[in-house]
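Data block below; observations after.
No lab work stands behind these numbers, since they all come straight from the coordinates. Since we're looking at a predicted model, the values are computed, not measured. Cβ placement follows ideal geometry from the backbone for every residue including glycine, while neighbour counts extend to all protein chains displayed.
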Amino acid sequence: MPEHGGASGVPGGSGRDAALGGDPSGPPHAEGGGRHAEPREEPAGTGESAGETMSAKNESRGEEKTGSFWKELPILIVIALVLAFVIKTWVVQAFYIPSKSMEDTLLIGDRVLVNKLVYQVRDIQRGDVVVFNGSGSWDEENTVVVEQPANPVSRLFTWVGQQFGVAPTGKDYIKRVIGLPGDTVECCDEQNRVLVNGEPLDEPYLYPGSLETHQEFGPVTVPEGRLWVMGDHRAVSYDSRMHQSDPGAGTIAEDSVVGRAFVIVWPLNRITTLPIPQTFDRLNEETAGAAAAAVPLALGAAAAVPVHLTGRRVWRRAAKADRESSPT
């Protein structure tokens, strides 16, 4: 399966400073044989006893805060897990890379983030690196088996690790989309390149030596609602080429796609995005152009029925009004 202090002054001769200087309207100070000022009484709770009281209160507050933290910690953990579940289910999820099939684009131990919303706003495109569930399309011979611990606590930690992409899920695959529904995919041309709809792909992202190890296949026409996917390390990738005897003839269902891997987030020295390579630009532009050309026809077809009904209603009203206005 991706950085002021301010100073305030007190006006002279006012507030506390004025009080310390004496109040002219107060009782006179003793001068000579005058009247003596009465001694002030210390308010209750001053001195050593007050200090001890404040210290006890501070200790009590500290104990309350500590106790409150430990009481709230389980709630915070539950909230964090719920949020993680919601985010990974509908928004984005981290995945751990357990195999060599996508080298050198993805290495064993890489963590990638997978966008689960992107295909709600656009179609899958050739060149996308996608995570998908192969159940029902591919056999289970090469699936990474992840044994679930018998201990419930260990099972919880395993689940958490899978949600944060620090442990393999065991049921998901990650490959690059090569062919969309209706595409014809085959290998190879004179330079041992894969062809999509007769156009050869220059694939600089392939693992060194992959062209020399390309195995001939096809031509294969990708069925409606299916995808042809391949790994970047063609010599070791158990992809659509190797699953042609399985249901779907090697293709996977579009509905099985979990999302698009868009960034490597771990390790730190490998953080990078996963854009669509330029070799797919022309093919994707042609697909987008065909889709755009079909939009007016689709809108016209959708609007035909209500326009027809509205026109017929208007015609009937006009005919009725004409009959009513005509002399009998």
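Could you line up W266, W90, W70 from fewest to most neighbouring Cβ atoms inside 10 Å?
Values: W266 19, W90 11, W70 8.
Arranged by neighbour count, lowest to highest, W266, W90, W70 become W70, W90, W266.
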Exercise for review: Please identify every one of the GluC sites (Glu not before Pro) in the stretch 172-237 that sits in a loop by DSSP and has no more than 12 other beta carbons within 10 Å of its own beta carbon.
Suggested key: E190, E216, E224
Study note, to complete from the structure: Given Cβ charges of +1 for Lys and Arg and -1 for Asp and Glu, the option among I77, V112, M102 whose Cα lies farthest towards the positive end of the dipole of the stretch 71-112 is I77
